[in-house]
Each structure stands twice: as structure tokens, then as C-alpha cells.
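Working notes, structure below.
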Amino acid sequence: MVLSTLRLKNQLLSSLPDAEWPYWHPWLECVDLPAGKLLYESGSAIHHVYFPLTALVSLYHVTESGATAEVALVGHEGVVGVSSFMGGRGSISHAVVLCAGQALQLPSSVIRRRFEQSSQVQSLMLCYTQALIAQMTHTAVCNRHHSVDQALSRWLLLSLDRVPGHELQMTQELIANMLGVRREGVTEAALKLQRAGLIRYA
């Protein structure tokens, strides 16, 4: 499939003005992202940004004790690697692929240059970054004040909004790590949702 068609599968890229496309097209590359692939570690240099098409990427932090907690999810609505054009050179979090799929990869130097040169690109990327910050804020509040059932429901809805279809393939242990709770808590919460007829899992 040609890049101009693939571009439409990412909401951020499809929102770019058509006049911008010649600057981006030569540098974009469609890549397969397998589940579990670590795109960045916290503090590592960002050489490429990723515009997910069908992949789902988790942004998370790791504590000194090794515990993890997710701060945001990125799918076909956005881009992974915002700090590369927001003035930073290193990632502020870990980024790992949760659901395998495709993404368009772009050198960070290209998006940084267009961010500096084009007011339209700058406005679009700032709006997305604001939305990402809002998601991080809601996630922090939910993880602090909501029950495991509510946190799992929020996480499932966010995930399903960002992947094609209505199925997720991942373990309860992985979800527990992303939510920062015990696996048994996720099992109990998933059973409640299944008994209520809201989800099916195996």
C-alpha cells in the first residue's frame, strides 16, 4: 500500500495540510512493530518518531524497585516521541509495543524541523501534545482514586479506541503491570466485567 494511503490510517498524519506532504513523504517508512518491542527507554535518545497505524504503544514509567505504571496509550490517533519536537532530546518514559501492528517511522530531525518551520504543523502537534497530557492526567487520577474494576474498564476502552476491531491479545499479567496492580486484582475485575456481559475473555 502506498504511503499516501497509509497516511490516512493515522489521524495525526491525515490532519496535516496537503501542502505539507512533500516534506514528509520522502522520509516516512512503514515498519512492522512486534508486540513487546521496546521503542525507547526513559532518558534514551529519540532517533525516530512513530505514527501507529494498527499498532498500540504503551508509555510507562519504571520505579527504582522495578515496579511499572502506565501513563498513556498511543495508537492511530497520535505519535510516539513527542519530546523530540517539544525541546527535549531524550524520552521522558519507556515506550513498548503492546499490540503488534504497523506504524510509519520518521526521523526525529524531520518532525523537529517542520515543527520549527511550519506554524500549521506546530499548532497540530501542540494540540495533540495537550491531548496526551490530558490523558496522562486522567490516568494518574484514575490510578489513585478509582477501583481496579474502574481502572481496567478505562484501560480497555482506551485500548479498543486505538486498535482495529474489538479484540485485544495480551496477558492479565501485562495489564496488571500497566495498571500498577496485582494480577489477581485484574483477574477479579475481568470476571466481574464478564459476568456483567460487558467483555468476553479467554
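Solvent-accessible surface (1.4 Å probe) assigned to H48 amounts to roughly 60 Å².
Around the Cα centre of segment 66-202, unit charges on the Cβ atoms of Lys, Arg, Asp and Glu (plus for the first two, minus for the last two) sum to a dipole of about 180 debye.
Taking every protein chain into account, the accessible area of the chain amounts to 52 square angstrom per residue (probe 1.4 Å).
Tell me the angle of helix 119-145 to the major Cα principal axis of the chain, expressed in degrees between 0 and 90 and rounded to the nearest ten. Approximately 10 degrees, to the nearest 10. Karplus-based coupling profile of segment 27-33, in residue order and whole Hz: 9, 7, 9, 7, 10, 8, 10, with θ = phi - 60° in 6.51 cos²θ - 1.76 cosθ + 1.60 and x standing for Gly or Pro. Rounded to the nearest 10 degrees, the inclination of helix 183-195 to the longest alpha-carbon principal axis of the chain is 80 degrees. Seen against the Cα atoms of the chain and their longest principal axis, helix 108-117 is set at about 60 degrees. On the protein heavy atoms, probe 1.4 angstrom, tell me the percent of accessible surface of segment 133-202 carried by carbon and sulfur. Within segment 133-202, the accessible surface is 54 percent carbon and sulfur.
Segment 1-45 and segment 150-202 have Cα centres lying 28 Å from one another.
The values are calculated or read from the model by the stated rules, or taken from the named source; none is laboratory data. Note that the coordinates shown come from a computational prediction; the quantities given were computed from them, not determined experimentally. FYI the Cβ positions are ideal-geometry reconstructions off the backbone, even for glycines, and counts take in every protein chain you see. Please note that ligands, DNA and RNA were not included when accessible areas were found on the heavy atoms of the full protein model with its side chains. Shrake-Rupley method; radii C 1.70, N 1.55, O 1.52, S 1.80 Å.
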